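One structure is given below, encoded as structure tokens.
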Amino acid sequence: MTGKFITIEGLEGAGKTTQAQVLVEWLASRGHKIVRTREPGGTPVAEKIRNLILDHHEEEIDPVAELLLVFASRKQHVERLIRPGIAAGDWVVSDRFTDATYAYQGGGRCLDEALIREMELTVLDDFQPDLTIWFDCDAEVGLARASARGELDRIEQESMAFFNRCRSAYERRAQAHPQRFIRINANNPVEKVTEELLTALEAYFA
Ligand code: Z5A
């Protein structure tokens, strides 16, 4: 029996962490063994690369170098944690995956999507999630929630135009992969978002 790979996507402050807990409890109640993880990161080495990606540095990070760091972290994550977990029958739930690269490095940093696609094919053998739950909120809403928590990391300090491009890129991903994506309106209050998530899960796994 093999497991499944579910990813959670959305802008910062969309409520991914909050709703991931709801998702994990719902899946566990159906008898699945869950492995919860995140990107960038998810293994000790991948977490070190995460720090390189998110920390502030005196030297500006080149967008392609950032893309390579994201995929270096992802390769380690996929081979050391995600694939072994699925092979063992676990349901692996990751906060972000390659759709975030299309959103942030593709949309936000304006890198060519063809380059990201090439890396996805070459580095990951086109490894894809079984299901992606996209918590879609306006950039202003998400950033206001994230900012209320305090200091912003290197990517969180980008402009509103950057995050609007990220959101548009998520929209394109959802349109291109309608079988895999569930879109949840994350502008709503927490209880309403949870309700929409649970309804969508019941329908998807019916
Ligand atoms: N990144 C990249 O560039 N390329 C890649 O390939 C990958 C990632 C994989 C990782 O951030 C950064 O890496 C991310 C993209 C980049 N950068 N940015 N910016 P992360 O995933 O570790 O962190 P995050 O997305 O910034 O997470 P977050 O800010 O914690 O957001 P969240 O998990 O979606 O939200 P939350 O923690 O559940 O909620 C945030 C706050 O809002 C909290 O106080 C909640 O109580 C509140 N909240 C949540 N939902 C609601 C609703 N519905 N209403 C009101 N308040 C709410």
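Here are some notes:
- LEU69 vs. criteria under 26 Å from LEU198 (Cα atoms) and not basic (Lys, Arg): no
- Only listed residue being away from the ligand (no atom under 12 Å from the Cβ), under 19 Å from the mean Cα position of the chain (by Cα) and closer than 25 Å to ALA174 by Cα, chosen from VAL92, VAL45, VAL70: VAL92
- Counted residues, region 1-37 - those being of a type in the set (D, E, K, R) and over 17 Å from GLU156 (Cα atoms): 5
- Search result, residues across region 38-82 that are open to solvent by less than 40 Å² (accessible area, probe 1.4 Å), of a type in the set (D, E, K, R) and more than 24 Å from THR18 (Cα to Cα): GLU66
- Restricting region 5-31 to residues that are surrounded by fewer than 17 Cβ atoms within 10 Å (Cβ to Cβ) and outside any helix (DSSP H, G or I) leaves a set whose member that is nearest to the ligand (Cβ to nearest atom) is ARG30.
- Within region 82-153, helices (runs of 4 or more DSSP H) holding 2 or more residues that are charged (D, E, K, R) and more than 26 Å from ILE34 (Cα to Cα): 113-124, 139-147
- Pairs meeting the criteria (first residue in region 49-62 and on the phi > 0 side of the Ramachandran plot and part of a helix (DSSP H, G or I), second residue open to solvent by less than 80 Å² (accessible area, probe 1.4 Å) and within 15 Å of the ligand (Cβ to nearest atom), beta carbons under 9 Å, at least 6 apart or on different chains) are lacking.
Matching residues to (1) of a type in the set (Ser, Thr, Tyr); (2) surrounded by 17 or more Cβ atoms within 10 Å (Cβ to Cβ); (3) on the phi > 0 side of the Ramachandran plot:
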| position | (1), (2), (3) |
| --- | --- |
| GLU140 | no, no, no |
| ALA144 | no, no, no |
| GLU151 | no, no, no |
| TYR170 | yes, yes, no |
| ALA174 | no, yes, no |
| HIS177 | no, no, no |
| GLU196 | no, yes, no |
| GLU202 | no, no, no |
| PHE205 | no, no, no |
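- Subset of region 105-150 (residues that are near the ligand (Cβ under 9 Å from one of its atoms) and among the basic types (Lys, Arg)): ARG109, ARG145, ARG149
- Residue that is within 14 Å of the ligand (Cβ to nearest atom) and acidic (Asp, Glu), where the choices are GLU202, GLU191: GLU191
The values are calculated or read from the model by the stated rules, or taken from the named source; none is laboratory data. In this text, all values refer to a predicted model and were calculated from it rather than measured experimentally. Reconstructed Cβ throughout: ideal geometry from the backbone, glycine too, with neighbour counts over all protein chains shown. We work out accessible area using only protein heavy atoms, side chains counted, and drop any ligands, DNA or RNA first. Shrake-Rupley method; radii C 1.70, N 1.55, O 1.52, S 1.80 Å.
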